[in-house]
Amino acid sequence: MRREEIEHNVYLRNILLGKEMGTLSGKPNLDKPHLKFYSEEALLEELPQNTMYGYLYEQNKMYLSDTAIVFDAVNCRETITFREFFDNIERVAGNLAELGITENDKVALCFANIPESVYTIYALNKLGAVSCLIDPRMTPKALERDLLELDVKLFIGIYECYKSFKKANKKVGLRNYIFVPTLNALSKKNAKTIYKLSKIVDRSVPLDKNKNWESFYRKNNRKYSIPMYQQNKLAIISYTGGTTGVHKGVELSNDALNALVHSHKCIMKDVVTRGDIFMDILPQFMIYGIFSLHLSLCLGLKTYLLIDSSPKNFADNLIRINPTMVFGGPVHWETLIGNEKIRPNSLSNMKAPVSGGEKLPLKKEKLLDDILIYAGSQETMCNGYGASELGGSVTLKHGKRSKTGTVGRLHIFDNAKIVSTETGAELSYNEIGELYITTPSLMMGYYNCKEEEEKVIKVDESGVRWFATGDLARIDENGDIELTGRRKRLFVCGLNNVYPPAMEELINALPNIKKCVVVNVPDKELREVPKVHIVLEHDDKKSQTEAVSQIKKSVEENIGKEVLPRYFEFHEELPYTANGKIDFETVRKKDVEEMEFKEIG
């Protein structure tokens with residue numbers, strides 16, 4: 001950030017607080033009303049100029065005896081100090097270097113939340129290489145697509161993705177790969193032995209022992225070169241559908257992720273302290289997972305790594321661990337509502353219960369606030385807002401200290417504006433339009449996908465890059481942001497984004513499908529799931545059964561089984577809007593009102 005920009009921010013803050021004379025514009029982007037909630041000292045502080053690994057080490061080098069990670073799996077816990085943590089990173093970095101990994105090389109990582117994944121991400125960063133994060137649940141076809149596009153030098157994954165990799169690699173032809181037993185970090189031999197035997201029976205273990213993590217880690221090469229820090233150097237590629245549903249890799253620099261941590265340090269300064277417990281459930285193949293992990297470790301929190309990120313076990317894990325801070329989605333937090341296991345003082349350590357990913361309905365937010373107070377939490381719900389393209393969270397509602405029904409205010413060095421969806425003009429306070437965000441954590445771009453990048457990155461006359469979020473919102477005079485709707489038809493099924501237009505395109509390409517529309521309907525377990533309304537070319541009972549089977553197969557192969565449609569309804573015709581488009585809003589409204597869904601197949 002330029003020095004003149006920092007000084008201007010201090011000047012704006014003083015006007016907002018009445019400490020200096022000046023005139024405000026009436027536009028959130030120019031006035032930056034959120035600045036008055038930060039200290040002048042915080043505004044004057046420079047952003048970190050370091051690699052992810054370098055910044056992490058600087059924050060913890062004086063606390064090597066503190067606990068860095070508690071690996072929490074199958075009723076076992078393994079504690080890792082910062083001294084052990086950095087030693088493991090050094091060992092992995094040296095062994096990667098011996099395999100020929102050098103600066104700017106791309107390495108595909110297909111991991112669960114296990115210590116080995118954390119060591120590898122930071123080891124690659126130390127070498128100046130790029131971590132390409134891949135969802136281990138990917139179908140062989142999708143995995144093949146990503147590996148061919150990325151042209152990686154090495155693949156490292158858990159046993160659970162070995163079968164998919166083996167199929168995908170027939171076409172990719174990657175010779176360098178390593179597979180990690182998910183429970184490898186546990187010292188408890190019984191649990192590890194039972195796990196390994198199950199994977200051998202399942203044929204999920206590579207036959208070549210040299211392709212196993214144990215063989216890789218057994219080496220102890222400590223000779224390697226560490227490149228100098230370079231500004232805006234690519235560190236992470238993570239795939240997302242963004243606002244459009246097109247599968248693409250978000251490129252993030254060291255600076256982006258470090259700036260995000262620095263912003264949160266300003267917020268968390270009086271909330272959490274070194275040694276507090278962070279319950280880490282967000283998968284590390286997601287940007288949010290990497291951001292929350294990097295934040296927790298840089299803050300010196302005791303990071304509980306949980307393989308299990310399922311909503312159904314969230315409340316049990318929360319009560320068992322009683323953390324200080326945890327990030328989850330509404331689909332996680334809503335499992336607390338009506339949960340009889342919640343007792344007085346069962347969440348007595350809680351200081352930062354953060355919800356993000358999508359809007360938490362106001363009614364449920366108030367219910368959760370009451371539940372947290374009953375459970376002894378020191379704070380009520382903190383709603384965050386962000387996107388993979390923004391590196392993670394860019395706003396936070398500070399529980400009972402902030403305005404209910406909002407996603408809070410911007411982080412210290414971020415900015416926002418509201419843009420008219422009709423004219424493109426910037427709007428004033430309390431006017432509804434599309435939310436644009438600019439932040440030091442903004443992505444460098446989409447990997448090998450310039451066309452999609454140009455749809456969401458808008459450069460203004462001053463050369464500032466803005467991310468068009470696709471969300472409708474308004475900003476009040478205090479800088480509180482209220483989400484009012486979506487410009488795009490995105491919704492979240494469990495932990496997965498669903499893009500109805502992308503699913504419709506896939507379904508419409510199937511035989512005998514004349515047209516279809518995909519809508520989101522309520523679900524007790526996953527919050528919302530896809531329902532498909534279909535018009536067939538030739539319609540009878542047999543054709544309907546065949547269509548459902550083909551749709552499920554196509555969605556599972558091309559998108560993933562986690563977002564399979566749960567409900568199907570057949571029509572002679574679908575309703576249309578005045579401009580000739582399928583009226584999906586009317587279709588969905590009828591579904592929600594009736595709540596009588598018929599599943600075929």
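The values are calculated or read from the model by the stated rules, or taken from the named source; none is laboratory data. From a predicted model like this one, the values you see are computed outputs, not experimental measurements. In this analysis, Cβ positions are derived from the backbone assuming ideal geometry, glycine residues included, and neighbour counts consider all displayed protein chains.
For the reader, a short list of remarks on this structure follows.
- Across the range 343-364, not a single residue is classified as at positive phi, not basic (Lys, Arg) and not in a loop (DSSP other than H, G, I, E, B).
- Screening Thr51 on (1) in contact with a Pro (Cβ under 9 Å, 6 or more places away or on another chain); (2) more than 24 Å from Tyr447 (Cα to Cα); (3) surrounded by 21 or more Cβ atoms within 10 Å (Cβ to Cβ); (4) at pLDDT 95 or above shows it passes everything except condition (2).
- Residue in the range 432-451 that is surrounded by fewer than 20 Cβ atoms within 10 Å (Cβ to Cβ), without any contact (Cβ under 8 Å) to a residue 12 or more places away in the chain and in contact with a strand residue (DSSP E or B) (Cβ under 9 Å, 6 or more places away or on another chain) present: no
- Looking across the range 271-319, just one residue is out of contact with any Asp or Glu (no Cβ under 9 Å at 6 or more places or on another chain), among the charged types (D, E, K, R) and assigned to a helix (DSSP H, G or I), and that is Asp316.
- One residue stands out in the range 495-524 among those that are in a loop (DSSP other than H, G, I, E, B), modelled with pLDDT of 85 or more and of a type outside the set (A, V, I, L, M): the one that is farthest from Ile287 (Cα to Cα), namely Asn512.
- Against the test of being at negative phi, modelled with pLDDT of 95 or more and of a type outside the set (A, V, I, L, M), the options Phe491, Phe467 yield a single qualifying residue, Phe467.
- Taking first residues from the range 216-238 that are part of a loop (DSSP other than H, G, I, E, B) and partners that are surrounded by fewer than 17 Cβ atoms within 10 Å (Cβ to Cβ), the Cβ contacts under 6 Å between residues at least 6 apart in sequence or on separate chains come to Asn221/Glu98; Pro227/Glu103; Tyr229/Asn50.
- Residue list for the range 399-410, filter: touching a strand residue (DSSP E or B) at 6+ places or on another chain (Cβ under 6 Å) and farther than 13 Å from Leu483 by Cα: Gly399, Leu410
- Any hit, the range 162-178, residues being among the hydroxyl-bearing types (Ser, Thr, Tyr), within 27 Å of the chain's Cα centre (by Cα) and in a helix (DSSP H, G or I): yes
- Boolean, Leu64 is modelled with pLDDT of 90 or more, in the same structural domain as Tyr429 (by TED's automatic domain parsing), loosely packed, with under 15 Cβ neighbours inside 10 Å and in contact with a strand residue (DSSP E or B) (Cβ under 9 Å, 6 or more places away or on another chain): no
- Residue check, Tyr229 aromatic (Phe, Trp, Tyr) and either in the same structural domain as Glu389 (by TED's automatic domain parsing) or surrounded by fewer than 17 Cβ atoms within 10 Å (Cβ to Cβ) (or both): yes
- So Thr421, is it surrounded by fewer than 17 Cβ atoms within 10 Å (Cβ to Cβ) and not charged (D, E, K, R): yes
- Any hit, the range 66-75, residues being under 18 Å from Ser215 (Cβ atoms) and out of contact with any Ser or Thr (no Cβ under 7 Å at 6 or more places or on another chain): no
- For the range 329-378, the candidate set comprises residues that are charged (D, E, K, R) and in contact (Cβ under 8 Å) with a residue 40 or more places away in the chain; within that set, the residue that is farthest from Cys493 (Cα to Cα) is Lys351.
Rundown of residues vs (1) surrounded by 23 or more Cβ atoms within 10 Å (Cβ to Cβ); (2) within 24 Å of Tyr239 (Cβ to Cβ), yes/no style:
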| residue | (1), (2) |
| --- | --- |
| Val271 | no, no |
| Phe285 | no, yes |
| Ile290 | yes, yes |
| Leu297 | yes, yes |
| Lys312 | no, no |
| Leu318 | yes, no |
| Ile321 | no, no |
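- Scanning the range 8-35 for residues that are within 19 Å of Ile437 (Cα to Cα), among the basic types (Lys, Arg) and without any contact (Cβ under 8 Å) to a residue 60 or more places away in the chain gives no hits.
- Filtering the range 35-48 to residues that are surrounded by 12 or more Cβ atoms within 10 Å (Cβ to Cβ) and either modelled with pLDDT of 95 or more or out of contact with any strand residue (DSSP E or B) (no Cβ under 7 Å at 6 or more places or on another chain) (or both) leaves Leu35, Lys36, Tyr38, Ser39, Glu40, Ala42, Leu43, Leu44, Glu45, Leu47, Pro48.
- Hits in the range 1-29 (condition: in contact with an Asp or Glu (Cβ under 9 Å, 6 or more places away or on another chain), surrounded by 12 or more Cβ atoms within 10 Å (Cβ to Cβ) and over 21 Å from Ala259 (Cβ atoms)): Tyr11, Asn14, Ile15, Leu16, Leu24, Lys27
- Any hit, the range 454-468, residues being without any contact (Cβ under 8 Å) to a residue 60 or more places away in the chain, under 22 Å from the mean Cα position of the chain (by Cα), buried (at least 20 other Cβ atoms within 10 Å of the Cβ) and within 18 Å of Asp414 (Cβ to Cβ): yes
- Some residue of the range 103-112 being polar (S, T, N, Q), modelled with pLDDT of 95 or more, exposed (fewer than 15 other Cβ atoms within 10 Å of the Cβ) and touching a Gly at 6+ places or on another chain (Cβ under 7 Å): yes
- Residue in the range 539-551 that is buried (at least 17 other Cβ atoms within 10 Å of the Cβ), among the polar types (S, T, N, Q) and either touching a Lys or Arg at 6+ places or on another chain (Cβ under 6 Å) or under 24 Å from Asp135 (Cα atoms) (or both) present: no
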